[in-house]
Amino acid sequence: MSGEQGSTFLSALETAETYFPDQKRLVQRLFYVSEPFHSMCEDLAAAAEALAHVERLPEAIRDARQLEYAGLVDALLKEMGEAIAQSKIVVLRQSPRTGPKSP
C-alpha cells in the first residue's frame, strides 16, 4: 500500500468519525470489516472535501455544485447511519426443537 493510499484510508475513516463521534468504535469496526461501509466512508470524504472547496469554483456553477455536494453528503450520512444502526442488531437464535417432550 502506498503512503498516499494509506492517508486516503485514514482521512476517509477520520471523516466518518467526525460525523459520527458517538459511534467512533463502531465506525472503525465497520470501516475495516464491511467493504460497502468502507466505500461509503471514502465517498463521504470525497464529497465533504468537494463541499469544503466549493467556493473555489466559478460563480456560475458554485451554487449548483454546493447543493449537489451537500445532497451527496446528506444521502451518505443517512445511508451510513442506517448501516450503523443495522450493525447494532443482535439476532437471537432459539435452540432447535427436537419435538414434544415425553412425560
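Would you mind checking the radius of gyration and Dmax of segment 3-87 based on alpha-carbon positions, in Å?
13.6, 42
Calculate, in nm to one decimal, what D74 and F20 gain on full extension: separation in residues at 0.36 nm each, minus their alpha carbon distance. All intermediate terms of the calculation are to be shown ahead of the outcome.
Numbers: separation 54, 0.36 × 54 = 19.44 nm, distance 1.29 nm.
Additional length available on full extension: 18.2 nm.
Report the full-extension gain for the segment D63 to A83: residue separation times 0.36 nm, less the Cα-Cα distance, to one decimal in nm. If you can, show how the numbers build up before the last one.
Details: separation 20, 0.36 × 20 = 7.20 nm, distance 3.02 nm.
Once the chain is fully extended between D63 and A83, it gains 4.2 nm.
Below 13 angstrom from the Cβ of K88, what's the summed charge of the other residues (Lys, Arg +1; Asp, Glu -1)?
With Lys, Arg at +1 and Asp, Glu at -1, the neighbours total 0.
Given 0.36 nm per residue, what is the gain on full extension from V33 to E49 after removing their alpha carbon distance, in nm?
Values: separation 16, 0.36 × 16 = 5.76 nm, distance 2.42 nm.
Extra length from V33 to E49 when fully extended: 3.3 nm.
Bear in mind these aren't lab numbers, they're just calculated from the coordinates by the rules spelled out. Computed from a predicted model, the values in this text were never measured in an experiment. Note that we place each Cβ from the backbone using ideal geometry, even for glycine, and neighbour counts take in every protein chain shown.
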